[in-house]
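Here the structure comes first, spelled out in structure tokens, and everything after it is commentary.
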Amino acid sequence: MIGINRNLGFDRYSGLYLWASLIIVFSIWQPRLFPTSATVHSVAANRAVAAVLALGVMIPLIGGVFDLAIGATANLATLSAVLLITNGHSIAVAVIVAILIGALIGAINGFIVVRLRVGSFIATLGMASVLAAVQIIVTGNSQPRSPSNSTWTALTQTKVLGFQIIVLYMLIIAAVLWWGLRHTPAGRYLYAIGSSPEAARLSGVRVDFYTWMSLIASGTLAGIAGVLYASLSGPSLSYGPALLLPAFAAVFLGSTQFSPGRYNVWGSILAIYVLATGVKGLQLVTDVVWLDLMFSGGALIAAVAVAGGRQRAGAEAKRRELVRQEDHHDRSSMGEPSAPAGEDG
Amino acid sequence: MQAADMSTPGALGPSVSTSALRIESLTKTFVGGRALDGVELNIAPGEIHALLGENGSGKSTLIKVLAGYHRPDPGSLLQIGGLDLEVGSAHSSHALGARFVHQDLGLVESASISDNLAFGPGFPTKWGTIRSRRTRLRATAALEQMELDLDPGALIESLSPAQKTGVAVARALLADSVPDSGQPAGDVQLLVLDEPTARLPDSEVEHLLEIVRTVADRGIGVLYVTHRLDEVFQIAERASVLRDGVKVASEPVAGLTRDALLHHLLGAALEQPHRLNIADESSSAAGQPKATLSVDRLTSDVLTDVSFEVFPGEVVGVAGITGSGRDALCATIFGARARDEGTVHIRSEILPARRPDLAMSRDVAYVPAERKLQGCFLDLSARENISIANLRDFWRVPLLSRTKETAITKRWFERLGVRPREAIGQPLSSFSGGNQQKVVFGKWFQRVPVMFLLDEPTQGVDVGAKAELHSALFDAAQEGAAILMSSSDVDELVTVCDRVIVMRSGRIADTLHGDQINVHSITRSALGMAGDVVEPGSESANAVAS
């Protein structure tokens, strides 16, 4: 009953098909506005920060840990960078300090999760609130002025092949993470921890260490995303938390692509841009403000429900079948005190 | 009022001579063979009937048939309270008045007694709101019926093990109507207790037996499954013994001796040893002075003062009933479980507590009993499962060598006969249990350990695969690895072990060598009747005594 989906890799690459059809539909619908290089360049650059944040969310998520503070971290990094520059520090100092702030917050999150044994969901939710408070303390709740420094804006807005260079940064980060997660032991360990922490521990994986590192990585990426945003769009008091849900949405959506069932780099990036394409196209048709939110949220729920549900159903059916076979084949387990009899009382 | 009904069970049934449980020519065939073969069993109302049998004798299958989980072969007759059980229907089993208390009691530890008693039948409510006073009253009544002097508001976690079992029994016996059934929602006719004392300390057993007697006094037939022979004589009126799916005896306990019971349990044929002759290299290995593993006064929540050594090339088995500490020993040595005291040395290097990674760096391998939770990664591929503990071998800066990984996975698939052979990249969940276990072994073999710690190493593995795993283990032993294998499958221990450590109540009760290693003596010793089998003066026996 689940054999039909195998052809054309529709399961794994449904996002690509969807992307292609969105592009075709909007190109026909808005032939003068949509299929232009300006559209391509602006969508690519505008979503680069969200893409970096999505990758940041993804790393701890692979190990089964949520980082809900990533939006607040990025926001704080943005404001720190801007304030440092307006107070006369060099761009290099501003960039490094802002990224270090992100890493430090990640390390604190790691400490709370690994050492204090607070669930990551609660720990980072609390941290997000604490960071929002710190942000008000630092800024006095008034938006600082944008640094009028052309080198600073050039950091992300220099053109490379028509694209703003921030797109290149994002792709480099993605490539590095893809390598780290797919082709190094650390990445493998992280996936193993996400699959079964106890089995990982008993296979010699230092679960606490890698969990901690994954949170530091997500904090660092949030710092980088914050710097990129500051350079691209200037300071904002509230963009970070608003990007949290889209980041998670992209990662969950992405896990239905390329290697279904696994959070993966290119799936997340693809999801970001499929959604962006849809939103952009609709924005050309109508100018309502709520489109982005509605489209992202709706697409997330629909896609994960359909794809994830189907995968789970497939896996579950397979597992049940195996259990049944095992039950039949295996005489030795019939005498086991902990056999399934324990469940049907 | 309900208590009054219960005390006159015969009045409810269609005839006065109704049995609580009547089984005739019950046969259950699985693909692998016959689990039950023409079993008959009769339990009168108010009778406590003990059911004994080795692991794999068919006890669990019998219970599952009664519970409606398994469908027996056609021609089997099953009656509960005089009415035919609709086979394979859990609903029918419940409606006819069969209740089950499993070893895992299924109580919510953090909730109160009265809540636990209400989870099954539902809370009494008014306009959707729980009527707490009625819930409490109902719980009080249920506890009183069981003669349990407990506060219904007490949390389950604050109770003693026997009290918990008592609450579980009370919950099973709660009168609950079965509203949507066409069948009469009869009273409880039969209570099945599956090894209720397996996890109880000795001091608690008496209390539990009291509870069981109270139930029987209400006219309910009790099927009491146990491993402990003492209890049979203390509580049961009759006892039945299953062996290899066949009922070998069903006798009044009054006329029964322990030896007769043991004879039924084990059968004469099993007493001759049929182990492989692998003692050759181990005897020469025993001459070497240096032990691979030496455990000194290891103590934890379930282990007390455990000391022993394992030498290179030796296969040492750990036997014992559930709860004897058998199932915790390997995990505690490896560091998967906490330990309170004692030291562990691997080749005279000390092994710290709770550090599986350090144990692995000392070339120790550990196969846990809970494969699905602790042993493997179901949603990672077989390839990744095999390489996870060996990633350093595949790390060629800057990439993990996929080619080498695949080649080595293929080699272990070949070597251990994992099926399907092409499925190297498939998630482990798509393999059968036996093949999953082979993959787990592949992971460890790849590391070439000097010490194997194995918990139920061939659980869920069919006979052929079992032999393949054993021979791979023998190869490792031949090359000098030491193997400590804990198993509830006594036959397996007899087949592969050079020496068997028998655990009882967290201590090493006996150490069996050579000819002593047979099903008979292992079982006797595990059940605490060792004196006539084991010669005193074996080194470990002395160590424990001191």
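Taking segment B:121-146 as the range and being open to solvent by 60 Å² or more (accessible area, probe 1.4 Å) and under 22 Å from B:PRO196 (Cα atoms) as the test, only B:GLU144 passes. For segment B:450-464, the count of residues that are part of a loop (DSSP other than H, G, I, E, B), hydroxyl-bearing (Ser, Thr, Tyr), within 13 Å of chain A (Cβ to nearest Cβ) and open to solvent by less than 10 Å² (accessible area, probe 1.4 Å) is at least one. Using the structure shown, decide if B:THR343 is surrounded by fewer than 21 Cβ atoms within 10 Å (Cβ to Cβ), among the β-branched types (Val, Ile, Thr) and either under 27 Å from the mean Cα position of the chain (by Cα) or under 22 Å from B:VAL461 (Cα atoms) (or both). Spelling it out, it is not the case that B:THR343 is surrounded by fewer than 21 Cβ atoms within 10 Å (Cβ to Cβ), among the β-branched types (Val, Ile, Thr) and either under 27 Å from the mean Cα position of the chain (by Cα) or under 22 Å from B:VAL461 (Cα atoms) (or both).
Every test in (1) under 24 Å from B:VAL167 (Cβ atoms); (2) within 14 Å of chain A (Cβ to nearest Cβ); (3) in contact (Cβ under 8 Å) with a residue 60 or more places away in the chain is passed by B:GLY97 save one, and that test is (2). Tell me, yes or no, whether segment A:168-177 has at least one residue that is touching a Phe, Trp or Tyr at 6+ places or on another chain (Cβ under 7 Å) and open to solvent by 40 Å² or more (accessible area, probe 1.4 Å). Scanning segment A:168-177 turns up no residue that is touching a Phe, Trp or Tyr at 6+ places or on another chain (Cβ under 7 Å) and open to solvent by 40 Å² or more (accessible area, probe 1.4 Å). More than 16 Å from B:LEU223 (Cα to Cα), at pLDDT below 80 and either in contact with a strand residue (DSSP E or B) (Cβ under 7 Å, 6 or more places away or on another chain) or within 14 Å of chain A (Cβ to nearest Cβ) (or both): is that true of B:GLY13 in this structure? In short, no.
The condition (being more than 17 Å from the chain's Cα centre (by Cα), among the β-branched types (Val, Ile, Thr) and within 14 Å of another protein chain (Cβ to nearest Cβ)) is satisfied by just one residue among A:ILE193, A:ILE165: A:ILE193. Considering only residues that are touching an Asp or Glu at 6+ places or on another chain (Cβ under 7 Å), within 14 Å of another protein chain (Cβ to nearest Cβ) and not in a loop (DSSP other than H, G, I, E, B), look in segment B:336-385 and name the one that is modelled with the lowest pLDDT. Restricting to residues being touching an Asp or Glu at 6+ places or on another chain (Cβ under 7 Å), within 14 Å of another protein chain (Cβ to nearest Cβ) and not in a loop (DSSP other than H, G, I, E, B), the top hit is B:LEU373. Closer than 22 Å to A:ALA199 by Cβ and either surrounded by 18 or more Cβ atoms within 10 Å (Cβ to Cβ) or β-branched (Val, Ile, Thr) (or both) - does that describe any residue in segment B:489-504? No, there is no match, as no residue in segment B:489-504 is closer than 22 Å to A:ALA199 by Cβ and either surrounded by 18 or more Cβ atoms within 10 Å (Cβ to Cβ) or β-branched (Val, Ile, Thr) (or both). When residues in segment B:207-230 are screened for being more than 15 Å from B:ALA172 (Cβ to Cβ) and touching a Pro at 6+ places or on another chain (Cβ under 8 Å), 2 of them pass.
A Cβ distance below 8 Å, combined with a sequence gap of six or more or placement on separate chains, defines the contacts here; from segment A:259-277, residues that are closer than 14 Å to A:HIS183 by Cβ and more than 14 Å from every other protein chain (Cβ to nearest Cβ) reach residues that are of a type in the set (A, V, I, L, M, F, W, C) and open to solvent by 20 Å² or more (accessible area, probe 1.4 Å) in the pairs A:VAL265/A:LEU177; A:VAL265/A:TRP178; A:TRP266/A:TRP178; A:TRP266/A:PHE258. Within segment A:266-290, the set of residues being hydrophobic (A, V, I, L, M, F, W, C) and in contact with a Lys or Arg (Cβ under 8 Å, 6 or more places away or on another chain) comprises A:ILE272, A:ALA276. The single condition from (1) outside the structural domain of B:ASP498 (by TED's automatic domain parsing); (2) among the hydroxyl-bearing types (Ser, Thr, Tyr); (3) in contact (Cβ under 8 Å) with a residue 12 or more places away in the chain that B:SER401 fails is (3). May I ask you to say which residue of B:LEU117, B:LEU36, B:LEU51 is modelled with pLDDT of 85 or more, touching a helix residue (DSSP H, G or I) at 6+ places or on another chain (Cβ under 9 Å) and either away from chain A (no Cβ under 14 Å) or in a helix (DSSP H, G or I) (or both)? When all the criteria are applied, what remains is B:LEU117.
Selection of first residues in segment B:518-529 that are outside the structural domain of B:THR226 (by TED's automatic domain parsing) and of second residues that are among the hydroxyl-bearing types (Ser, Thr, Tyr) and open to solvent by 20 Å² or more (accessible area, probe 1.4 Å), restricted to Cβ pairs under 9 Å at least 6 apart or on distinct chains, gives the following pairs, ordered by first then second residue: B:GLY528/B:SER505. Quick check on B:SER546: is it at pLDDT below 90, open to solvent by 40 Å² or more (accessible area, probe 1.4 Å) and either in contact with a strand residue (DSSP E or B) (Cβ under 9 Å, 6 or more places away or on another chain) or away from chain A (no Cβ under 14 Å) (or both)? In short, yes.
Kindly indicate whether B:SER471 is assigned to a loop (DSSP other than H, G, I, E, B) and among the small types (Gly, Ala, Ser). Against the criterion (assigned to a loop (DSSP other than H, G, I, E, B) and among the small types (Gly, Ala, Ser)), B:SER471 does not qualify. Residue-level check: of (1) modelled with pLDDT of 95 or more; (2) touching a strand residue (DSSP E or B) at 6+ places or on another chain (Cβ under 6 Å), A:HIS41 misses just (1). Scanning segment B:410-438 for residues that are farther than 17 Å from B:VAL461 by Cα, within 14 Å of chain A (Cβ to nearest Cβ) and not in a loop (DSSP other than H, G, I, E, B) returns B:ALA423, B:GLY425, B:PRO427. Scanning for something over 30 Å from B:GLY166 (Cβ atoms), crowded, with 21+ Cβ neighbours inside 10 Å and at pLDDT 90 or above, does segment B:295-302 turn up at least one residue? For segment B:295-302, residues over 30 Å from B:GLY166 (Cβ atoms), crowded, with 21+ Cβ neighbours inside 10 Å and at pLDDT 90 or above: present. Would you call B:ILE333 among the aliphatic types (A, V, I, L, M), part of a loop (DSSP other than H, G, I, E, B) and buried (at least 23 other Cβ atoms within 10 Å of the Cβ)? Here the answer is no, as B:ILE333 does not meet what is asked. Checking each residue in segment B:201-253 for being over 23 Å from B:SER19 (Cα atoms) and part of a loop (DSSP other than H, G, I, E, B) picks out B:PRO201, B:HIS227, B:ARG228, B:ASP244.
The values are calculated or read from the model by the stated rules, or taken from the named source; none is laboratory data. Everything numeric in this text was worked out from a predicted model, so none of it was measured. Cβ atoms come from the backbone with ideal geometry, glycine included; neighbour counts cover every protein chain shown. Just the protein is used for accessible areas: all its heavy atoms, side chains included, with ligands, DNA and RNA removed. Shrake-Rupley method; radii C 1.70, N 1.55, O 1.52, S 1.80 Å.
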